[in-house]
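Comments concern the structure below.
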Ligand code: PHB
């Protein structure tokens, strides 16, 4: 699908120099008798968190997106790519203004973002209206590819329901009957817990109690004490980024990991293992990615990402890389004419993305149909134990494509 495998990874220095150098070099080696007008660059606007509990997620997405562009000499579909970055701060209250800034002030051709579901809802309300091509590389809010779905809005990540739903059956199949859930009280947490509970109760489980924490607070202590006294057979949570690091450490420090096994959607242990250390060992989660997937696209991507950034790849990097792959498919089909939206959209809709997670296609609602893996933390790796749910599609409730 992609030709990245045949190309050597750019060195970290070359990668950091951005796309501009490569384009200048190409222009000076042209032997044209006169100077042709250079088409303007395609402007990609990132609306991602670079501060706060999700800062590392935004950085991973940005770096991996740029990596794919730099593997293609700084160009997609023949057009040089330039980037504008806006810090979303994972703050829904600022999301409308931030999106308007990218769309109306910066006049970007494509918006790539966000991480936070609340930001996504506000962002999509703006970009559906303006018709700006939008690729969501993380935020899982169901409505983005549900009631708010639109021809110009794509997602390369998941819906919050998607990676959590399979764990309900995994635990019920183990004979577990009583679970406690805990999460941040906002769309991502609510929808993830909803997915888990739906499948767990459908297979005979019951929920002892649902516990909630305001986003992005990390004061978990009193609720951990409550879990200890409730004595469930399992705890299922959604936390991510800095909050996930703190939660897993607090859970172990309270000694709970010895009496009540902890489960979650895989964000709980993704991109976090170095900081969580021993406290994460043995935790099982479900997600559409696993570090040790033995696929050429994964081995290749992990090596190149590590070489370019000095960090290990994680699910966020994979989603950012795939967002760039999807944009490349669109721009190649339109031969770089970013205004040829119909051509771009049609190509993106039928794309098969050779992702490090395994190759996937998009549903009619523009959300990945993908395998959800059962993983276990072993050392510094989220190791795949098997496929918990094959080719899982979000139900996309309420999506009516115009
Ligand atoms: C979300 O808000 O949709 C979200 C944030 C972080 C994650 C997953 C989902 O890791």
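The values are calculated or read from the model by the stated rules, or taken from the named source; none is laboratory data. Because the structure is a prediction, the values reported are computed rather than measured. Quick reminder, even Gly has a Cβ in these numbers, built from the backbone with ideal geometry, and neighbours come from all protein chains shown.
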How many of the residues in the stretch 98-124 are farther than 18 Å from residue 320 by Cα and within 12 Å of the ligand (Cβ to nearest atom)? 2
Answer yes if at least one residue in the stretch 290-298 is within 30 Å of residue 177 (Cβ to Cβ), modelled with pLDDT of 95 or more and within 16 Å of the chain's Cα centre (by Cα), and no otherwise. yes
Among (1) over 15 Å from the mean Cα position of the chain (by Cα); (2) closer than 16 Å to residue 384 by Cβ; (3) in contact (Cβ under 8 Å) with a residue 24 or more places away in the chain; (4) part of a loop (DSSP other than H, G, I, E, B), there is one condition residue 313 misses while meeting the rest; what is its number? (1)
Within the set of pairs 6 or more residues apart or between chains, which connect a residue that is over 18 Å from residue 360 (Cα atoms) inside the stretch 291-306 to a residue that is outside any helix (DSSP H, G or I) and modelled with pLDDT under 95 with Cβ atoms less than 7 Å apart? 303/9; 304/9
Selection from the stretch 255-278 of residues assigned to a helix (DSSP H, G or I), near the ligand (Cβ under 10 Å from one of its atoms) and at positive phi yields none
Output yes when any residue across the stretch 226-237 is under 27 Å from the mean Cα position of the chain (by Cα), within 16 Å of the ligand (Cβ to nearest atom), surrounded by fewer than 17 Cβ atoms within 10 Å (Cβ to Cβ) and in contact (Cβ under 8 Å) with a residue 12 or more places away in the chain, and no when none is. no
Qualifying residue in the stretch 167-177 (condition: within 12 Å of the ligand (Cβ to nearest atom) and in contact with a strand residue (DSSP E or B) (Cβ under 7 Å, 6 or more places away or on another chain)): no
The stretch 150-163, residues that are within 10 Å of the ligand (Cβ to nearest atom) and either free of Cβ contacts under 8 Å to residues at least 40 places away in the same chain or in a helix (DSSP H, G or I) (or both): 163
So, residue 71, is that one surrounded by 18 or more Cβ atoms within 10 Å (Cβ to Cβ), farther than 18 Å from residue 154 by Cβ, modelled with pLDDT of 95 or more and away from the ligand (no atom under 16 Å from the Cβ) or not? yes
If you go through the stretch 232-254 one residue at a time, do you hit one that is on the phi > 0 side of the Ramachandran plot and assigned to a loop (DSSP other than H, G, I, E, B)? no
Filter the stretch 130-141 for residues that are more than 7 Å from the ligand (Cβ to nearest atom) and out of contact with any strand residue (DSSP E or B) (no Cβ under 7 Å at 6 or more places or on another chain); the one that is farthest from residue 331 (Cα to Cα) is 130
Looking only at the stretch 106-114, decide whether some residue is in contact with a helix residue (DSSP H, G or I) (Cβ under 8 Å, 6 or more places away or on another chain) and either free of Cβ contacts under 8 Å to residues at least 24 places away in the same chain or surrounded by fewer than 20 Cβ atoms within 10 Å (Cβ to Cβ) (or both). no
Boolean, residue 378 is buried (at least 21 other Cβ atoms within 10 Å of the Cβ) and either touching a residue at least 40 places away in the same chain (Cβ under 8 Å) or closer than 22 Å to residue 77 by Cα (or both): no
Being more than 17 Å from the chain's Cα centre (by Cα), part of a strand (DSSP E or B) and more than 10 Å from the ligand (Cβ to nearest atom) narrows 201, 183, 127 down to just 183
Taking the stretch 214-225 and the residues there that are part of a loop (DSSP other than H, G, I, E, B) and surrounded by 14 or more Cβ atoms within 10 Å (Cβ to Cβ), the one that is farthest from the chain's Cα centre (by Cα) would be 220
Give the number of residues within the stretch 333-388 that are assigned to a helix (DSSP H, G or I) and either touching a helix residue (DSSP H, G or I) at 6+ places or on another chain (Cβ under 6 Å) or over 21 Å from residue 136 (Cα atoms) (or both). 5
Check residue 211 against each of (1) within 15 Å of the ligand (Cβ to nearest atom); (2) within 26 Å of residue 120 (Cα to Cα) and name the one condition it does not meet. (1)
